[in-house]
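Where a number appears in this text, it was derived from the coordinates with a stated rule and is not lab data. As the structure is a computational prediction, the values presented were derived from the model and not from experiment. No Cβ is skipped: glycine too gets one built from the backbone with ideal geometry, and neighbour counts run over all protein chains shown.
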Amino acid sequence: MEFKPASLIQLLRVTLLLYVRGSHADWTTCLQKPHFISPWTKIKAQDNASPQQTIEHEIGAFPIKVDVQVRPGDTRPERQFYFSGLGSSQRDDDIDSPYGGLVFYYNDEAVVVSVPNKHDGHNVGKVIFTGGSAWSGPVQQSEISAEYRIRAWGKNNYPKPDFESSSIPMDTTTNTYKEVSHGLGTELDYAIVQVTLPSGIITEAVGSSMQTNPTGTDWGGVIYSYDNNVFRLWAPNGGQGGLFSIADGWGKNKGKLEKSGTVKIYAWKKLTSKSNFIQSVTLPSTSYTMSLTQPIDRENNLIDIIIRALDGTSKNFIFHGSGAVQNVNGNDALGGVVISYSDHTVRFWYPNASSAALLLVDKSWGQPNTQHISHKVELSIKTWERYTSCPPVPKSTKYVPVVTTVQPKVDGGWNTYGSWSTCSKSCGGGTQFRNRTCSNPFPSNGGKNCQGVARETHACGVNPCLGSMVQKSPSSGTKTTALMTNNITSSQSKQPTDSSKKTFSFSFTNVDLPTILVGAGLGVGVSVLLFVVGCIIKHVINKPKPTEVEPF
């Protein structure tokens, strides 16, 4: 988001707002109403002016839960029924058959929603679509225009989970299937599965696949389910599949296709100590509606619609339904359950082809032998009564929020230079440097860094280096043997037989004059010493013997 300068009063207001709302707070002790509820906003598919919209959620941190509710426009029938937004699309516009949905993702500032919009294929996408004649349901709905409302909860609106996983890496090549033990050993009351993408945005895992991977099209999502012991996670296993997709036929331009990311799981054994409501129906059924025994508060209460597998390899695992149909091709192994709800009624649609399933995780997801198909399920709607205020956090675990105060900007200032470094060369032109730091004072609170350079250099060792002292004799029979290679090279010549033509070569490279003078002085001293010692020896040898005197 683009940052807009604000006055001191605005900054103080934001600081107070962050403190009161607890954007820096941790989990609380109870479930509260959404931290943020947007107004109803219009959106239209196949409209380049607005197929993608951004709504700031005002939480000041990454939401722990985002729920996007979608309904027909103000002049359309069935307006009282809400569909749910999708965590990823499962197809693009390359196939000439209808599809629908509203896909969302979010970061710590806003929620972004996208609806179908032709890119290079067919103009067949809708915002609301229940499958036409290929899916059985109470009515057929196909809406190119609709309205949506965003509800978002922060961590400080949720109790601490009983299980929180580490970040689980997943991709579309080697990490396409995971089983994660939650270790709670009981049926979970509620769970959240978030997918964080390399770009830093978050989306939510999906409940079922709707089609076999169509060659050459973009599609995606992470499917999840859970039972009393483990979570199961499936990602697309190749092709144009991704962990998240709104590519080619969604939103603006080419959209997004992300093939890797991490998954985070949160699970609660009991979400709230206050009363909750649950009502179930077994599918398939002769009816496509379920009348609720008590009304639900769709604005303030958390709502979850779960689907329990009653057959298949993941029997008794909990899956989730979808908010729109994305496949009507009966030749595919299509599946899924689409759901809408009002205050008093739940509606559902599922495919009627003989090859269809109510829950489907087909061969395009996960690893071999991890697929799942259910033809019989139990659908349940759950809602939890919220607290208007939470009991205090126990002192032993009480979180102390960080209070951000408005401080003036401080520009950085240069400190004094340090000492000069040793010269890089003793002759022939070297350099040395000294450094200073931007620490008098350090820049803070958005202040500017120091202007200028932190290192100063200058020339040193400018005396010329002495070249070769003696030139090598031009003898064709000369053989040179190197005696030293550390910037001083000495070479010996093979001596000619004529003693009058003896030569000796010695060269200096990069040796400065003081060094030569010191060497010369040492040489003279040694020569004088040897001369004196030689004279003494010669004197001793040549000393005349005493004359022997014969006796008288």
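Here are the numbers for this structure:
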read-out: Among Ala324, Asn301, Ile144 - extreme Cα towards positive end, dipole of region 36-384, charges at beta-carbon; value: Asn301
read-out: Rounded FRET efficiency, nearest 0.05, which uses the C-beta distance separating Asp26 from Thr173 and R0 of 35 Å; value: 0.45
read-out: Total formal charge among the other residues, if their Cβ is under 15 angstrom from that of Gly121, Lys/Arg +1 and Asp/Glu -1; value: -3
read-out: In nm, spacing of pseudo-spin labels at Val410 and Ser389 (7 Å Cα→C-beta vector); value: 3.9
read-out: Efficiency of FRET from Cβ geometry, Thr289 and Asn123, R₀ 30 Å, rounded to 0.05; value: 0.40
read-out: Per residue Cα convex hull volume in Å³ - calculated over region 36-384; value: 123
read-out: Computed FRET value (nearest 0.05) for Trp40 with Lys363, which takes r as the C-beta separation and R₀ as 45 Å; value: 0.65
read-out: Point-to-point label distance, Glu164-Ser136, nm (Cα→Cβ direction, 7 Å offset); value: 4.5
read-out: Nearest-20 debye value, region 36-384 charge dipole, Cβ charges on Lys, Arg, Asp, Glu; value: 440
read-out: Surrounding net charge for Pro441, when Lys and Arg each add one and Asp and Glu each subtract one, Cβ distance under 13 Å; value: +1
read-out: For region 144-221: relative contact order, % (alpha-carbon pairs under 8 angstrom, 6 or more apart); value: 14
read-out: Cross-link pairs Lys270/Lys376; Lys155/Lys382; Lys44/Lys363 - those with Cα-Cα distance over 30 Å; value: Lys44/Lys363
read-out: Around Gly73: net Lys/Arg minus Asp/Glu count, Cβ-Cβ under 10 Å; value: +2
read-out: Assigned charges on the beta-carbon of Lys, Arg, Asp, Glu; region 240-363 dipole about Cα centre (debye); value: 400
read-out: Computed label-point distance, nm, for sites Thr186 and Thr75 using a 7 Å Cα→Cβ extension; value: 5.4
read-out: Selection from His375, Thr282, Val206, by position along the positive dipole direction of region 36-384 (Cβ); value: Thr282
read-out: Net lengthening on full extension, Ser199/Gln279 (0.36 nm per residue, minus Cα-Cα); value: 24.9 nm
